[in-house]
Amino acid sequence: MMEMSMELRCDQAGAPESEQDRYALLRQVISQYEAKESNLIQILHMGQAIFGCLPEDVQRFIGQEMDLPLPRVAGVVSFYSYFSTQPKGRHTIQVCLGTACYVRGGKKVMEALRDHLGIDVGETTADRRFSLEVKRCIGACGLAPAVAIDDVVYKRVDPNRLADILGRHA
Ligand code: FES
């Protein structure tokens with residue numbers, strides 16, 4: 001019987017409250033797929049939807065249920081940027097570092113955000129308010145540099161105005 005840490009918590013709206021119930025739901029999901037490696041990505045998506053992220057305990061559980069070694073599961077999780085091993089913040093900041101944004105100051109915007117939030121790319125603030133990510137293009141190249149916070153896209157972002165922008169996402 002595997003041990004499950006009761007400390008990991010990636011709160012996810014709509015998912016069962018208790019960790020035990022989340023694992024039970026995940027087991028049920030996995031049983032609906034053939035335990036083939038080609039289904040791993042789909043199952044990881046479902047796991048992330050249930051738990052909100054894919055910490056090691058969840059990866060291990062999936063590996064055991066699918067008869068796959070943990071390093072194989074972990075390799076897939078780390079390869080794809082849309083999988084996260086840590087709980088996400090309430091708001092996701094995506095800084096565009098595509099070519100147009102990069103040459104028009106995207107890097108300075110990123111540095112200012114890092115300083116302001118005290119976190120690096122892929123991390124979440126201690127208060128779980130913001131997660132910081134990088135994108136290669138968010139479709140606003142003509143008005144670069146661009147930053148998306150959740151589904152709001154900010155264009156021609158001035159690094160000196162970031163506090164004001166972040167303040168809109170309390
Ligand atoms: S390169 Fe940044 S929006 Fe397209």
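In the assembled protein chains, Cys141 presents an accessible area of approximately 60 Å² (probe radius 1.4 Å).
Considering only protein heavy atoms, with the full assembly of protein chains and a 1.4 angstrom probe, order Glu34, Glu65 by accessible area, largest first. Present the calculation step by step, with values, prior to reporting the outcome.
Details: Glu34 115, Glu65 65 Å².
Heavy-atom accessible area, descending, gives Glu34, Glu65.
Remark: region 118-126, residue by residue, has Karplus-estimated 3J(HN,Hα) of x, 9, 9, 4, x, 10, 10, 5, 4 Hz, where x stands for each Gly or Pro and the curve is 6.51 cos²θ - 1.76 cosθ + 1.60 at θ = phi - 60°.
Net charge in the neighbourhood of Pro145 (other residues with Cβ under 10 Å of its Cβ; Lys, Arg +1, Asp, Glu -1) is +4.
Given a Förster distance of 35 Å, report the FRET efficiency between Lys108 and Ala49 from their Cβ-Cβ distance, rounded to the nearest 0.05.
Details: r = 35 Å, r/R0 = 1.01.
Calculated transfer efficiency: 0.50.
Between Glu17 and Lys36, the simple spin-label model (points 7 angstrom out along Cα→Cβ) gives 4.0 nm.
Could you work out the local net charge near Gly75, counting Lys and Arg as +1, Asp and Glu as -1, over the other residues with Cβ closer than 14 Å to its Cβ? Walk me through the numbers before you get to the answer.
Numbers: positive: Arg60, Arg72; negative: Glu37, Glu56.
Cβ neighbours under 14 Å give a net charge of 0.
Surface exposure of the chain, expressed per residue as accessible area with a 1.4 Å probe, stands at 57 Å².
Residues with beta-carbon under 9 Å from that of His169, excluding His169: net charge, scoring Lys, Arg +1 and Asp, Glu -1? Don't skip to the answer; put the middle values down first.
Working: positive: Arg90, Arg129, Arg168; negative: Asp150.
Overall, the nearby charge balance is +2.
Taking the Cα centre of the chain as reference, the dipole from Cβ charges on Lys and Arg (+1) and Asp and Glu (-1) amounts to some 920 debye. Under 22 Å of direct C-alpha separation, and excluding same-chain neighbours fewer than eight residues apart, Lys88 reaches these lysines: Lys135. Normalised by the number of residues in region 91-167, the average gap of Cα pairs under 8 Å and 6 or more apart makes the relative contact order 40 percent. If you roll a 1.4 Å probe over region 91-167 with all protein chains in place, what percent of the accessible area is carbon or sulfur? Solvent-exposed carbon and sulfur of region 91-167 make up 48 percent of the total. Among Pro71, Pro55, Pro145, which one moves the most in a GNM of the chain with springs linking Cα atoms closer than 10 Å? Checking each option, the largest mean-square fluctuation is seen for Pro71.
Projected label points at His169 and Ala100, each 7 Å from Cα along the beta carbon direction, are separated by 2.0 nanometres. What are the residues whose amide H is under 5 Å from the amide H of His91, where those residues sit 5 or more places off or on another chain and H is modelled from the backbone? Under 5 Å from the amide H of His91 lie the amide H atoms of Phe130, Ser131, each far enough along the sequence or on another chain.
Were the residues from Asp67 through Lys155 laid out at 0.36 nm apart, the gain over their Cα-Cα distance would be 27.0 nm. For region 19-79, the relative contact order works out to 33 percent when only alpha carbon pairs closer than 8 Å and six or more residues apart are counted.
Taken one residue at a time, the phi angles of region 132-140 give Karplus couplings (6.51, -1.76, 1.60, θ = phi - 60°) of 10, 9, 10, 10, 9, 5, 10, x, 10 Hz. Gly and Pro are set to x. GNM remark for the chain: springs join alpha carbons under 10 Å apart, and the peak mean-square fluctuation among Tyr82, Tyr23, Tyr102 falls on Tyr82.
Taking amide H as placed 1.01 Å from N in the peptide plane, Tyr154 has its amide H under 5 Å from the amide H of Val147, Ala148, Ile149, each at least 5 places away in sequence or on another chain.
Counting only helical runs of four or more DSSP H residues, what would the 222 nm mean residue ellipticity of the chain come to if each run contributes -39,500 (n - 2.57) and the total is spread over all its residues? Could the numbers behind the result be given before it?
Values: 6 runs with 63 residues, N = 170.
Helices in the chain give a 222 nm mean residue ellipticity of -11000 deg cm²/dmol.
The values are calculated or read from the model by the stated rules, or taken from the named source; none is laboratory data. On a predicted model such as this, the values are computed, not experimentally measured, just so you know. So basically every Cβ, Gly included, is an ideal-geometry build from the backbone, and we count neighbours across all protein chains shown. Remember, those area values only see protein heavy atoms, side chains included, never the ligands or the DNA or RNA. Shrake-Rupley method; radii C 1.70, N 1.55, O 1.52, S 1.80 Å.
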